Every structure is written in C-alpha cells, then in structure tokens.
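The values are calculated or read from the model by the stated rules, or taken from the named source; none is laboratory data. Keep in mind that this is a model prediction, so the values were computed, not measured. With ideal geometry, Cβ positions are generated from the backbone for all residues, glycine too; neighbour counts draw on all protein chains shown. Just so you know, the surface numbers come from the protein's heavy atoms only, side chains and all, with ligands and any DNA or RNA stripped out. Shrake-Rupley method; radii C 1.70, N 1.55, O 1.52, S 1.80 Å.
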Amino acid sequence: MAWTDADYKFVYIDVGSYRTVSDSEIFKSSKMGKRLSENQLNVPYGRHLPNNDDGNVIPFSVVGDEAFGLGNCILRPYARRNLNYTKKIFNYRHTRARRMVECTFGILANKWRIFHRPIDVNIHFCVRIIKACCVLHNYVRIKDGIKFTDTLYSAPMNNLTLINENNRGRSNMDNVRQYMSSYFISPKGAISCQYDKV
C-alpha cells in the first residue's frame, strides 16, 4: 500500500502484508490508517475547489478504489452499476487522481527490474528490497526530475471486490462525493477531455 504525490514519488508505504488481505484491511491496520481514523495526522480542514470560492469547503481525503469503504477521509468511486452521467464523470475524474499511484508503481517496476519477476528471497529480505527500491525511486525522481516518458505508463486500474461501506464517516464523504460530482459537470469544474471518456 502506498501514497504518492503529483511528482510520482512515494509519500508513505506499508510493506509486508499478504496478498490475501484486502487493500482496505491493510489500510485500516496500518499506522497511517489508524492515525487517520483517530484524527491524529493534523490533516488540514479543507479547501474550496478551484474556481469555486463561494462553494462548499471540501475536506482532504484519501482516494481509494472500490475495495475501500466510503468512510472517514476515504473517497471511493461509485459502484459501477446503474451509473448516471454525473456519476460516470465523477468516477472518471476519481480514476485520474488514483492513476498517480498506479503510474508510480509502474515507473518503479520499470526502473528496478527486480519487480518483473518473482523475488526468490525470504519475506524479511524481500520487504527490505521493496523499501530500499522505494527510497531509491524517490532519490532518482528528485535528482533526475520528471521525464515525459514516465507518464506514458498505462495503469491497468483493475478494481477489486466491493466491501461493506458501513463506516462512521460514510454519510459525510457521500455528501462530499455528491457535491464533487455536481462540480465536475459544472462550467467551473469541468475539463474538456472528460466528455470523451464516458
């Protein structure tokens, strides 16, 4: 599990969980997930969306895929069934944000070719290899800067199975998601390419 920034650098990683555990469960049991749910990360209150100073203040949130429950500070896409046009636009824009993490992993794997095959070492050494590669990845990104060819990686964006959404912050984040859906189809928040993608 990882968080990345807009420059394809890792901000936070959690390494060592088993593949049979869902991303949502890994996130909940991670230090960051626990601190986020307990409001111990000093996350800023929120901001207005661009070109929308008179609108609602939107809280900062974690962007997750369909495997995550909609909860406190976690924003996920709408389920892919019975989507209206507005929800399809929201899901497209949500995917554009989530793509940063997927592309970062693609860049990492293409730079450090050890990830193109099974790593035949014990689990503790494997965790060290992954952490070292993430640190080296960030160092190279800072030293070399962003290369256009890195952005050409095509992230598969495969969604995982849905889980129950009964988290305590669900209704608040659902309101945020509805507000952002309306904003994304308004003249203030629309981007031209979104209409070609849904």
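A compact table of results
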item: GNM result for the chain, Cα springs below 10 Å: residue of 27, 115, 90 fluctuating most strongly; result: 115
item: Angle between the chain longest axis and helix 170-184 axis [Cα atoms, degrees, rounded to 10]; result: 80 degrees
item: For the range 18-79: relative contact order, % (alpha-carbon pairs under 8 angstrom, 6 or more apart); result: 25 percent
item: Surface share of carbon and sulfur [accessible, 1.4 angstrom probe, percent] for the chain; result: 52 percent
item: Expected-Rg normalisation [2.2 N^0.38 Å, Cα atoms] applied to the range 18-101; result: 1.22
item: Accessible area per residue, Å², the chain with all protein chains present, probe 1.4 Å; result: 63 Å²
item: Given 9/143; 111/197; 31/87; 31/88; 34/111; 34/87, the pairs whose alpha carbons are separated by over 22 Å; result: 111/197; 31/87; 31/88; 34/111; 34/87
item: Simple label model, 7 Å out from Cα along Cβ direction - residue 126 to residue 198, nm; result: 4.0 nm
item: Residue 40 versus residue 54: modelled label distance in nm, points set 7 Å from Cα along the beta carbon direction; result: 4.3 nm
item: Rg ratio (alpha-carbon, reference 2.2 N^0.38 Å) - the chain; result: 1.09
item: Percent RCO, i.e. relative contact order, over the chain, from Cα pairs under 8 Å lying at least 6 residues apart; result: 29 percent
